Structures are given as C-alpha cells and as structure tokens.
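Nothing in this text is a laboratory measurement; each read-out follows from the coordinates by a stated rule. Just so it is clear, the structure is predicted and the values come from calculations on it, not from any experiment. Cβ sites come from the backbone with ideal geometry, for glycine too, and all protein chains shown count toward neighbours.
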C-alpha cells in the first residue's frame with residue numbers, strides 16, 4: 001500500500017518540554033488511523049504539525065508526498081480538518097458556511113453547488129441547510145464541520161477529538177458518517193481520541209500515544225492479543241490485602257489497582273475465578289463482585305504504561321500551556 005503520511009523523528013519542543021518526541025509513523029492510503037491517548041499526550045500537537053499549523057522543532061514529515069515545512073501550501077490543499085473546538089460561523093447558514101469554505105479552497109464555481117448538495121446529503125443536513133447554524137444542535141454542527149472538511153475532496157481528513165462533548169447517540173451517528181465519508185470519497189482519515197470505544201470501532205490501525213511518544217501501534221485486535229489472556233476484575237473490602245494474596249500466594253503478577261477494583265490479566269481466567277474467591281475467603285477478605293472479560297484497549301494502555309488512560313493530566317496540560325506561552329513571547 002502507498003504511504004500517504006510519513007514522519008521521521010518528528011519533534012515539537014517548548015523549551016525543555018517535548019510535546020512530541022521523535023515520532024516515526026506511516027499512514028497507509030485509504031485507512032482510518034487512530035491516535036489514542038490521554039489529554040496532554042501530544043496527539044493534537046502531532047496533527048497540528050501535519051496540518052502545517054505548527055512548525056516542528058526537528059525531524060521531517062510528508063503528507064500526500066509533500067513536505068510539511070517546504071511545501072506547506074500543497075499540504076494544505078491536500079487535507080481537510082475538523083478541529084476539536086467548534087469552528088463554524090453561527091451567523092451564517094449551513095450552506096453559506098460550506099460555500100465560504102469552497103471559495104477559500106478554490107473549488108471551481110461550476111462545481112460548488114453540486115459538491116455542497118452532495119456533502120449535505122451525506123451528513124443528512126439537506127433540510128436544515130438554509131437555517132442559521134446558531135440554531136443547530138452540537139451534533140448537527142459537528143456534522144456540518146465534517147461536510148466542510150470534505151468540500152474540496154481532500155486526500156486526508158484530520159479529525160481532532162471529533163465527538164468530544166457529544167451524547168452517546170450523537171457519537172454513534174458521527175462514527176457512522178466518518179465511515180461513510182471514507183468509503184464515499186476514498187480518503188484517508190487520521191483521528192485523535194481519548195475514547196477507547198471510538199478508536200476501537202473506527203480505526204484500521206491504532207497508535208497509542210503517551211508523553212509525546214508512540215508506545216504501541218497495530219490493529220486493535222493485535223494490540224489486545226499482546227496481553228495473552230483474560231481480565232478478571234475483583235471488588236473487595238480490602239483490595240491491598242487481596243493484591244498481596246494474588247501476587248504472593250497465587251503467583252499472579254499481572255495485577256493492578258484500577259479505580260476501586262483489582263484487575264488481573266491471566267490465562268484461562270474462567271478456571272481461576274473460584275480459586276481467587278477461595279483464597280480471599282481464607283484470608284478473611286470479602287469479595288463484593290468478580291467478573292471475567294476479554295482485554296480491551298484500556299488494558300493495553302495499562303500494560304504498556306502501568307496506569308490507566310484516565311488519570312488527571314491537569315498539571316501536564318498547564319505545564320504545556322505555560323511552555324507554549326513563554327515560547328510565543330520570545
């Protein structure tokens with residue numbers, strides 16, 4: 001397959017803080033490529049460089065064969081972007097927003113109406129096309145942004161946290177549109193998200209990112225297979241004592257405290273359930289609940305980092321913002 005995006009040691013630093021650290025990835029033409037990680041991992045910084053919004057500190061990258069620094073204009077003509085923050089003009093109608101974007105991207109006047117009608121149909125906004133976007137729901141605005149990102153038929157569509165702040169039903173609808181957009185226009189989609197289910201359901205391949213680095217990259221199924229086992233989740237009245245019993249007396253080393261439970265990755269999990277309950281009872285530990293499931297991407301992240309994807313990253317984000325502010329002031 002053709003590599004439509006390639007990065008080589010791509011780095012973005014703010015003084016001593018590396019938001020993206022020597023990134024080496026390739027994205028195949030026609031795939032949905034997911035960048036999965038917590039807030040502050042470097043996902044948005046990565047796509048901001050690929051979209052030519054930010055210049056890299058070092059390293060190189062190409063998008064659709066064009067260098068992101070030396071051939072920035074050609075890169076911009078090759079891509080569509082749906083930003084994390086809302087970016088439609090709510091003083092204009094949906095159709096006017098699309099027309100403005102078509103003009104900005106040089107879509108031939110003879111093709112504009114046809115393209116606008118096509119993308120409006122694709123995201124099911126034909127009936128609201130001539131209403132002011134300030135009357136749109138959050139989900140409708142997101143769909144309009146998807147349509148706008150496609151009006152010039154880009155080779156690559158970048159989606160930065162496309163469903164953040166949306167309710168579950170609207171998120172499902174956006175996922176449906178993303179898949180349909182990819183198929184209808186034969187485009188490559190690069191998706192950033194911190195939602196496990198979003199990365200799992202949409203992405204052909206997933207790069208798990210943390211502290212500016214890619215820590216694992218493969219299909220969702222192969223990433224889960226690296227754990228080689230089932231996951232047992234136990235809630236008990238004394239989790240620390242249970243962890244000691246699990247690791248020291250039962251010899252099960254892949255055990256972690258996650259929120260208010262203990263998660264254990266094991267082979268043949270079904271046969272171990274009664275043993276865990278028996279050992280807990282013998283050590284006067286009351287088991288409130290125990291369940292068995294297959295590994296998910298949260299488990300993969302925990303396996304590679306030793307923590308979940310949900311920790312509070314406020315300090316990291318404040319540090320990054322402060323570093324950016326100081327760099328801009330120089």
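Using mean Cβ contacts within 10 Å as the protection proxy, how do 35-44, 219-228, 78-87 order, highest first? Please report the intermediate quantities before stating the final value.
Working: 35-44: 24.0, 219-228: 15.5, 78-87: 17.9.
With the highest mean Cβ count within 10 Å placed first, the list reads 35-44, 78-87, 219-228.
Helix content alone sets the calculated 222 nm mean residue ellipticity of the chain: runs of n ≥ 4 DSSP H residues at -39500 (n - 2.57) each, divided across all residues, give -11500 deg cm²/dmol.
Roughly how large, in nm² to one decimal, is the mean projection of the convex hull of the alpha-carbon atoms in region 3-223? Don't jump to the answer; show the numbers that get you there.
Details: hull surface 47.1 nm².
Average projection, Cα convex hull of region 3-223: 11.8 nm².
Enclosing the Cα atoms of region 19-73 in their convex hull gives a volume equal to 88 cubic angstrom per residue. Here, region 228-294 yields an orientationally averaged convex hull projection of 3.9 nm² when only Cα atoms define the hull.
What separates the Cα centres of region 265-285 and region 1-64 is a distance of 44 Å. Return the Rg/Rh value of region 121-214, two decimal places, where both radii are evaluated on C-alpha atoms and Rh is the Kirkwood radius. Rg/Rh: 0.98.
Annotation: the antiparallel percentage among DSSP beta bridges lying fully within the chain is about 65. When only alpha carbons are used to place a centre, region 216-232 and region 98-116 end up 44 Å from one another.
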